[in-house]
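Here's the structure we're looking at; comments come further down.
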Amino acid sequence: MKKSLVFTLSLIAIAIVLLISVSKDFSTYATFNKAAKSGDQVKLVGTLAKDQEIYYQPEKDANYFSFYLTDKDGITKKVILNAPKPQDFELSEQVVLTGSMKDDVFLAKSMLLKCPSKYKDEEIYIKSTTAL
Amino acid sequence: MKSIQYVGEHLWIHYTGHFLVCLAFISALFALTAFILNRKQFSDSWKKVLHWLFLIHLTSIFSIIGLIFFMMSQHYYEYNYVWAHVSDELPTKYILSAFWEGQEGSFLLWMFWNCVLGLFFFRFRSRFDHSILSIILAVNLILSSMLLGIYVGESRIGSSPFALLRHMMDIPLFNNAEYTQLIKGNGLNPLLQNYWMIIHPPTLFLGFASTIIPFAYALSGIMEKDFSNWLKPVLPWALFSGFILGTGILMGGAWAYEALSFGGYWAWDPVENMSLVPWIVLIAGIHTNLVAKSTGFSVGATMSLYFLSFILVVYSSFLTRSGILGDSSAHAFTQMGLEWQLVFFCVVVSSIPLAYFISRYKLIPQKEQEEQFHSREFWMFIGSLVLLFSALLISFTTSIPVYNKILDQFGKLFNYSMESWHRSPPLEPIKHHNQYQLWIGVLVALLSSISVYLRYLGERTLKLGKSFLVSVSISLLISIGLSWISYYSFEKLHWSHLLLLGSAWFAICSSALYLIRSIRFNPLQSALVCSHGGFGILLLGILFTGINKRIISTNEFAQRDLLENWSEDDISKHLTLIKDQKMFMNGYWVNYSSDTFINKSRIYELDFWKEDSLNNKTEHFKLYPEVQYDNKLTKVAAANPSTKHYLNRDVFSLIAQIPQTQTDVEAAKKAEDSLKYELYFCKLKDTIYTKNHFIILDSILTDFAAKDFEFKSGDQKLQFKLKVKNLEDKEAKTASPGILFRQNLVYKFPYQLDAYRVRIQIPDTIYDLVNPKWENIPFEHLLIKKGQKVELGQGKFLKLNTISRDIDPEIYVPKEDEIAVAAEIEFTNGSQTVLLKPIYLIRGNQIISLPVSAISPGITLRFSKINPQTEEMGFDYFVHSDLSKLQLPILVAENAVRNDFIVIQVIEFPWINLVWFGSILMLSGLLLASYTKIKNKRDAS
């Protein structure tokens, strides 16, 4: 066999191994039920339950923000975010959370909001996680 | 529907603009057709045609841009693009930012740079120029189709920047023929009103656009079956492109760090990733290009990498512009209905080179012998492969939304919902990418150091023999030593970090040694040293900053039980600061001392200091983070950080939250409405007992100052100085609510004692208390001459200063048939003096005397008579009882929400300057190399 062929094949093999290992980090969008069952960290998409309490008292604890979220199955649960309440939170159309379920409460580490803006069709995104 | 004749529109722009877009499109189309039909024999006359078509195209693009700037600067809001991005308040310098805020503008920016790049080729000085120019025009053809805004059947092609607002929306406003008078622009997102937004996009877009040149050279080469002659001229372009694209990305990082709320310079956000990936591939291409030029190896690899780099630019513009990144990115553009056009763009740009590459693969020159293990080219090739892997991994993860979309399209065919197959991006993108890119970093640093010592073609390396071994061992030894030192000076390093540390130091040492050992100054060698050494320094910076980033705004003692099993990364990153209550946090004392409102921003002053064991302040500095309100000043729109830069570290601060009452007007109103005010009455020096407090009315003042309020002469002010105390405190706190009467208006200045959650105001009923209804006033009469002073008893005096027919228009504007005379009267009770300006008005044969009042010293007065003979003026007056003798009303609410706090985030970034220094060094290496190549070429010819 030619050296270059061996080389190419091994490259492809490395690439496949790498991609498979990378894709292990890929996550799925869970619901409250799934999150409760697995107990692991998950991504969860839902909408803010506007009729329920939104609690944030920065003068007491700046890093405690709780609200209620309705997931895709229509189940509403309490969410606690370990960060301040983002601007325009109440206007959000969709909330993407990362976190896990514990005792019927979803503990979120980070949150991405999708907000309708002043435009009809345009949407702006607000990120409430911190980076690097 | 009847058509309306609209007034005030500037339709000539609409028509001219559309014409120019079509002209740009058609000229590019003709150029491309001419090129394709006559490709094999591109005669001089066809070159002339191409030359002129390019000039027409360039002129139309430049004119389109000029027109858009014109309509933006003239605020022609009947145009959708102007309405969406500009407002009356927008400062002129931000019109640039507004121009490329929208997709249409950024497409134009891209085309603009393509045209500028085309100017280097349109004189056809060398053999590839006409095909490069044609390829540039082909790309501009696709780009300009995005601006056409024409309908073909049901579907729209492109989105025109010259579309009228009334064509975009169907709202009743457009039933009004004069609607242009009524509309106002939306304005630029406050986040983007920033000087970075002026310089970052053009640089980045020049970077994106310039990757077309290596692409076009490679494509021309393969089209003309010439696989060697383009390798040399392409190099300065590729180097320049690497420099400018790298600069654009770096600026993005600096913007994020300096002016946005990310709290870092890189977040592995999809949009960031997709600008980095083409750059990485381009750098890999530059390396194989060097190999190919010097040895003849890697020609095919160079081509593929240059192709891929531009394909990735197009792919990245698809990702950021199609709205597909919606769930995963914080700053993608929004959907505009151009998705299929963008997909088409991607398909064209990738399929043509691919087709050529496959069909002509056999023609690509292959060297008979294999690269030798100890040759430079072998390791450079491996290095390029590692870079390619890096790009592959990043794009693989970033493309997750694309896989979901493809699954959906596939599912549609079978009418089956693929949603359960959807994948979401990694939960922790930063960790995810770092864990792979760390190894890439190690490999690239090692390879870049080794290849510095090696020579092209293995034999030459062998000739170096001993000196090679000496150099490598010296730099190995030094870098092991330095790694050891740095490993122990930072706490949190993992063993894998030690490897990165070692290879980064090795890269730095090797480059330095290479520079020292080279006998004469050689610009190309220095460029290599700059780039490779810079890369090493950048790695060090990333490592030191990333791993040792320290959250300062955290209070270890205030963690809740809930978070017991959360990792260190999850600790609370924010802290509440109360005004003037200094707080200790992670090594620093912090005090929030004041805030000021300047031009849409509220700027906070934060004092930072450290204390030594003797409580002496050391290292005192101030930071000024701010929050920015939206264009209508009703809501907080953005938080701008403030950073203290030291040589070896930065202290970064950001306002994460301010009291609700300050974030938006509605919340403030709601908060005020929810207060439960109780009414109390109190005489001077008396004490009132509220639910939880004692309040003493200590003094009454008739003058006060207020922040951000403009007082006028004639304003009647009243302020209470109150002493407030709760049951526990020994010392009383002062509160000073105020009230102001101006003509018929009342302004209240409530006072909030945040420590007690008490809010106090003076009710407007106080006016009635001190001013009895004037019909019932038992007036006394007085005749007085100008300049005369009369005693009214009890030490109170009235003095008539002047009589005049010049009346302050603020007080009264006489009508045509009226004669008005104003008096200026000084009233004093010994300690206080007020000026009153009563008016005597003759309307026909009617005389009107308007009463005027002062609160303190209290008097009501009217100008009732003029006796021209004796020059005596008649006044009716009534002296009020002293305020100090009255039971005065006070409103007290004891459930106020604190509004003297802020929530901050403070992070220390050690050695972040290494990141900037390393990147700048690396990029300047690229620039130097590019410049030297161009210069050498010029010198040769």
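Of the numbered conditions (1) crowded, with 16+ Cβ neighbours inside 10 Å; (2) touching a residue at least 24 places away in the same chain (Cβ under 8 Å); (3) within 13 Å of chain B (Cβ to nearest Cβ); (4) within 15 Å of the chain's Cα centre (by Cα), A:Glu93 fails exactly one; give the number of that condition.
With respect to (1) crowded, with 16+ Cβ neighbours inside 10 Å; (2) touching a residue at least 24 places away in the same chain (Cβ under 8 Å); (3) within 13 Å of chain B (Cβ to nearest Cβ); (4) within 15 Å of the chain's Cα centre (by Cα), A:Glu93 is out only on (1).
If you go through region B:40-57 one residue at a time, do you hit one that is at pLDDT 95 or above and closer than 30 Å to B:Ile183 by Cβ?
No, region B:40-57 contains no residue that is at pLDDT 95 or above and closer than 30 Å to B:Ile183 by Cβ.
Give me the helices (runs of 4 or more DSSP H) completely within region B:460-562, filtered to those with at least 2 residues that are touching a Pro at 6+ places or on another chain (Cβ under 9 Å), ordered by residue number.
Details: elements: B:466-489, B:495-517, B:523-548.
In region B:460-562, the matching helices (runs of 4 or more DSSP H) lie at B:523-548.
How many of the residues in region B:519-543 are within 14 Å of chain A (Cβ to nearest Cβ) and either at pLDDT below 90 or more than 31 Å from the chain's Cα centre (by Cα) (or both)?
Qualifying residue count, region B:519-543: 0.
Here's the yes/no breakdown for (1) open to solvent by 40 Å² or more (accessible area, probe 1.4 Å); (2) within 21 Å of B:Gly242 (Cβ to Cβ):
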site: B:Val892; (1), (2): no, no
site: B:Ala896; (1), (2): no, no
site: B:Asp900; (1), (2): no, no
site: B:Asn913; (1), (2): yes, no
site: B:Lys933; (1), (2): no, yes
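All but one of (1) touching an Asp or Glu at 6+ places or on another chain (Cβ under 6 Å); (2) modelled with pLDDT under 85 hold for B:Thr461; which doesn't?
With respect to (1) touching an Asp or Glu at 6+ places or on another chain (Cβ under 6 Å); (2) modelled with pLDDT under 85, B:Thr461 is out only on (1).
So which of A:Leu11, A:Leu44, A:Leu5 is hydrophobic (A, V, I, L, M, F, W, C) and not in a helix (DSSP H, G or I)? First the steps, then the outcome.
Details: A:Leu11 fails: not in a helix (DSSP H, G or I); A:Leu5 fails: not in a helix (DSSP H, G or I).
Exactly one residue qualifies, and that residue is A:Leu44.
Suppose we filter B:Ser881, B:Ser849 for residues that are farther than 30 Å from B:Gly248 by Cα, more than 14 Å from chain A (Cβ to nearest Cβ), hydroxyl-bearing (Ser, Thr, Tyr) and part of a loop (DSSP other than H, G, I, E, B); which single one remains?
Numbers: B:Ser849 fails: part of a loop (DSSP other than H, G, I, E, B).
Just one listed residue meets the conditions, B:Ser881.
Give B:Phe373, B:Phe381 a once-over and let me know the one that is outside any helix (DSSP H, G or I) and either of a type in the set (Ser, Thr, Tyr) or within 12 Å of another protein chain (Cβ to nearest Cβ) (or both). It would help to see each step written out before you state the result.
Numbers: B:Phe381 fails: outside any helix (DSSP H, G or I).
Every option except B:Phe373 fails the conditions.
Going residue by residue through region B:387-405, is there one that turns out to be part of a helix (DSSP H, G or I), more than 14 Å from every other protein chain (Cβ to nearest Cβ) and surrounded by 16 or more Cβ atoms within 10 Å (Cβ to Cβ)? Give the derivation first.
Looking only at region B:387-405, we keep the residues that are part of a helix (DSSP H, G or I), and these are B:387-398, B:400-405.
Within this subset, residues satisfying the condition of being more than 14 Å from every other protein chain (Cβ to nearest Cβ) are B:405.
Filter once more, keeping what is surrounded by 16 or more Cβ atoms within 10 Å (Cβ to Cβ): B:405.
Yes, region B:387-405 contains a residue that is part of a helix (DSSP H, G or I), more than 14 Å from every other protein chain (Cβ to nearest Cβ) and surrounded by 16 or more Cβ atoms within 10 Å (Cβ to Cβ).
Any residue at all in region B:646-653 that's in the same structural domain as B:Ser594 (by TED's automatic domain parsing), touching a helix residue (DSSP H, G or I) at 6+ places or on another chain (Cβ under 6 Å) and either in a strand (DSSP E or B) or open to solvent by 40 Å² or more (accessible area, probe 1.4 Å) (or both)? Give the steps one after another, and end with the answer.
First, pick out the residues of region B:646-653 that are in the same structural domain as B:Ser594 (by TED's automatic domain parsing): B:646-653.
Now drop any that are not touching a helix residue (DSSP H, G or I) at 6+ places or on another chain (Cβ under 6 Å), which leaves B:650.
Going one step further and asking which of them are either in a strand (DSSP E or B) or open to solvent by 40 Å² or more (accessible area, probe 1.4 Å) (or both), we end up with B:650.
Checked region B:646-653: at least one residue is in the same structural domain as B:Ser594 (by TED's automatic domain parsing), touching a helix residue (DSSP H, G or I) at 6+ places or on another chain (Cβ under 6 Å) and either in a strand (DSSP E or B) or open to solvent by 40 Å² or more (accessible area, probe 1.4 Å) (or both).
Give the residues of region B:408-459 that are more than 14 Å from chain A (Cβ to nearest Cβ), of a type outside the set (Lys, Arg) and assigned to a loop (DSSP other than H, G, I, E, B), sorted by residue number. First the steps, then the outcome.
Initial filter on region B:408-459 (more than 14 Å from chain A (Cβ to nearest Cβ)): B:409-416, B:441-442, B:444-459.
With of a type outside the set (Lys, Arg) added as a condition, the list becomes B:409-411, B:413-416, B:441-442, B:444-454, B:456-459.
If the condition is that a residue be more than 14 Å from chain A (Cβ to nearest Cβ), of a type outside the set (Lys, Arg) and assigned to a loop (DSSP other than H, G, I, E, B), then B:Phe414, B:Asn415, B:Tyr416, B:Leu454, B:Tyr456, B:Leu457 are the ones that fit.
The values are calculated or read from the model by the stated rules, or taken from the named source; none is laboratory data. This one's a predicted model, so the numbers in the text were calculated from it and none came from an experiment. Reconstructed Cβ throughout: ideal geometry from the backbone, glycine too, with neighbour counts over all protein chains shown. Surface accessibility is based on the protein's heavy atoms, side chains included, excluding ligands, DNA and RNA. Shrake-Rupley method; radii C 1.70, N 1.55, O 1.52, S 1.80 Å.
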